[in-house]
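Below you'll find the structure, written out as structure tokens, and then a few comments.
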Amino acid sequence: MSELATRNGTEAAPAQGNFFTQYGEQASQRNIVGRLLKFSKGDYLVGEHNAEMPRGTELIANMDELMIGWIKWEDNKPAEQIMGRLADGYQPLKRKDLGDQDETQWERDDDGQPRDPWQFSNYLIMKTPGEDDPDDALFTFTTASKGGIGAIGELCKAYGKVMRQRPDEFPIVKLDVGSYAHSNKQFGRIKFPIFEIVGWSAKAEFAEALGQAAAAAAAEEKPKQTDIPF
């Protein structure tokens, strides 16, 4: 995601309440940190090889780094993103303000139907409690599905109710799965992720892991020294 084109949305001053409860009721740009974590057909999958993360796994959710906004897809690859941190009061643009309204120009899905290139998406950085190695500890949960965004919305509501009482802590969530019967019986039951708050962790633990990850990334991007010809 580091080469994606980006555009800015807007940030707003806090209104009555807080941004987490507001976003939950509605239901620094950062790239993917650590390994990608996604929810697909009832399973939590990690990394490029889609290793399964067991149901019931507990992870710390970094609510300060929750990113919301839009991603544009071209040829099944992300081409542009317009996202910001919810904690900064970021307000995503409306779909009508993004352009690309002509459905005749849209790519087609497997059924031959036009597919909107813009997807509303959420990124949530998570960490294994007590794990020190950022390569093993850090994950970015990414979702553009109704169920995934709804799960983050429910987490926002729960966190927003207590965030002022726990200013130096992040919630520890247990990964769970729920389901509902689709209105079209051909689809059967639809599974969706659940992030149940089961504890709390000091923000300092997360900050240390992110700092190590940032240092490692900077070292990889540093140009290699070359020999000086004489």
Item to complete: Scan region 65-114 for residues that are touching a helix residue (DSSP H, G or I) at 6+ places or on another chain (Cβ under 6 Å) and surrounded by fewer than 16 Cβ atoms within 10 Å (Cβ to Cβ) and report the count.
Response: 1
Worksheet item: Could you say whether any residue in region 203-226 is under 21 Å from the mean Cα position of the chain (by Cα), surrounded by fewer than 13 Cβ atoms within 10 Å (Cβ to Cβ) and modelled with pLDDT of 85 or more?
Response: yes
Item to complete: Give me a count of the residues in region 150-169 that are surrounded by fewer than 20 Cβ atoms within 10 Å (Cβ to Cβ) and assigned to a helix (DSSP H, G or I).
Response: 8
Response to the item:
Of the listed residues (Asn62, Asn50), the one being surrounded by 15 or more Cβ atoms within 10 Å (Cβ to Cβ) and modelled with pLDDT of 90 or more is Asn62
Fill in: Those strands (runs of 3 or more DSSP E) lying entirely in region 34-137 with at least 2 residues over 17 Å from Phe195 (Cα atoms) and touching a strand residue (DSSP E or B) at 6+ places or on another chain (Cβ under 7 Å)
67-74, 77-85, 118-127
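The values are calculated or read from the model by the stated rules, or taken from the named source; none is laboratory data. Remember, predicted model here, so these are calculated numbers, not experimental data. Please note: Cβ atoms are built from the backbone with ideal geometry, for glycine as well, and neighbour counts cover all protein chains shown.
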